[in-house]
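Undergrad: This structure is in structure tokens; I'll ask about it shortly.
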Amino acid sequence: MDADGRVALRFGAHNVGPADFPGDEDFVGKWELTNEAGDLRASGTLTIMGFVEAGETTFPVKWEGELVPGAYTLTWGAPGYGLTMVRFTAVEHNGRLSIGEQTTHTFDDYEPEALPDDQSSG
């Protein structure tokens, strides 16, 4: 995060399988960034996932924007591939914003309508 509150978020996919992932031209990935009140701050889609070597991570999506101090939730996933939820805070120290506390939960199923509250575990 820079002094003006601009932040760059990258969304990744990790190939946990023993073989290379050849890619998926029918991928239907979606991400959303919401604030503490649940208001949508940003969102996007990814319609093709490229090749990922076994054990490697790729970061096919990047968002740049402004955040103010507060709590946020980032969800990123695709049907058939699961979902990752990251809850984090943007905090101000000496006039600069930084990422504070964060928790990450991963789910085998992708059901954005059924996202758990803070007591979730993954």
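Read the figures in this text as sums done on the coordinates, not as results from a lab. The shown structure was predicted, so the numbers you read here are calculated from the model rather than taken from an experiment. Glycine also receives a Cβ, built like all others from the backbone with ideal geometry; neighbour counts cover every protein chain displayed.
Undergrad: Take the chain, mark every one of the GluC sites (Glu not before Pro) that falls in a DSSP loop and has at most 15 other Cβ within 10 Å, then report the longest stretch left between them, sites excluded.
TA: In the chain, the maximal stretch lacking such sites is 57-122.
Undergrad: Something else about it: Taking the Cβ-Cβ separation of Phe51 and Thr106 as r and a Förster radius of 22 Å, what is the calculated FRET efficiency to the nearest 0.05?
TA: According to the calculation, E is roughly 0.50.
Undergrad: Can I ask one more? Charges on Cβ only, +1 for Lys and Arg, -1 for Asp and Glu, centred on the Cα centroid of the chain; of Gly12, Leu67, Ser43, which one is farthest towards the dipole's positive end?
TA: Positive-end residue among those listed: Leu67.
Undergrad: If you average 1/r over all unlike Cα pairs in the chain and invert the result, what Kirkwood radius do you get in angstrom?
TA: For the chain, the Kirkwood estimate is 15.4 Å.
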